[in-house]
Amino acid sequence: MKVKRDQITGAVLILIGIVFAVLISQFSKPFTLSYPGPKLLPGIGAFGLIICGIGVFVNGCKQKEADKPVLSLKGLVRVLVSFAILCLYILGMKYLGFLIVTPVVLFIITTYFTKESGVETKLWVRIVFSIAVTAVIWLMYVVLFDMGLPVGLLFE
């Protein structure tokens, strides 16, 4: 039996999810209903990785056809550009804070991927989307969970 790429990908996702779950379990802050603490969102992410990994692995077991090429040069460039944007986001978050950097980065990413995919969206749609997603995340953390988000070294 030949091991397929989806089986390897699924197993890696499951392993990463388990490692994250173990690391999260070592947080000293207890989980309570009044304050979920720093374990909640990473825990949801770890659970999601495990579930998605299981799905990808099972899908790989069901496939009868040969694997397609893993990643083209164009796909590799997209991954590297996305990684660079993520690195700039983290750096920007440190100095400028969540409310300034997040909508800008969301706008850059949505613009980049719409241009790459060939599906053009209107400028105002990307702007509204970026602001709306930022607002929803801010409301969840600050209002719902009563937690702070980075304000940036320049504004402290």
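The values are calculated or read from the model by the stated rules, or taken from the named source; none is laboratory data. Just so we're clear, the structure is a prediction, and the values are computed from it rather than from any experiment. Every residue, glycine as well, gets a Cβ built from its backbone with ideal geometry; the counts of neighbours run over all protein chains shown.
Observations, loosely collected:
- Any helices (runs of 4 or more DSSP H) falling wholly within segment 60-156 and containing at least 1 residues that are touching a residue at least 12 places away in the same chain (Cβ under 8 Å), among the small types (Gly, Ala, Ser) and in contact with a helix residue (DSSP H, G or I) (Cβ under 8 Å, 6 or more places away or on another chain): 73-96, 123-138
- Residues located in segment 86-125, provided they are β-branched (Val, Ile, Thr) and at pLDDT 85 or above: Ile90, Ile100, Val101, Thr102, Val104, Val105, Ile108, Ile109, Thr110, Thr111, Thr114, Val125
- Within segment 115-156, considering residues that are of a type in the set (S, T, N, Q) and surrounded by fewer than 15 Cβ atoms within 10 Å (Cβ to Cβ), the one farthest from Ala84 (Cα to Cα): Thr121
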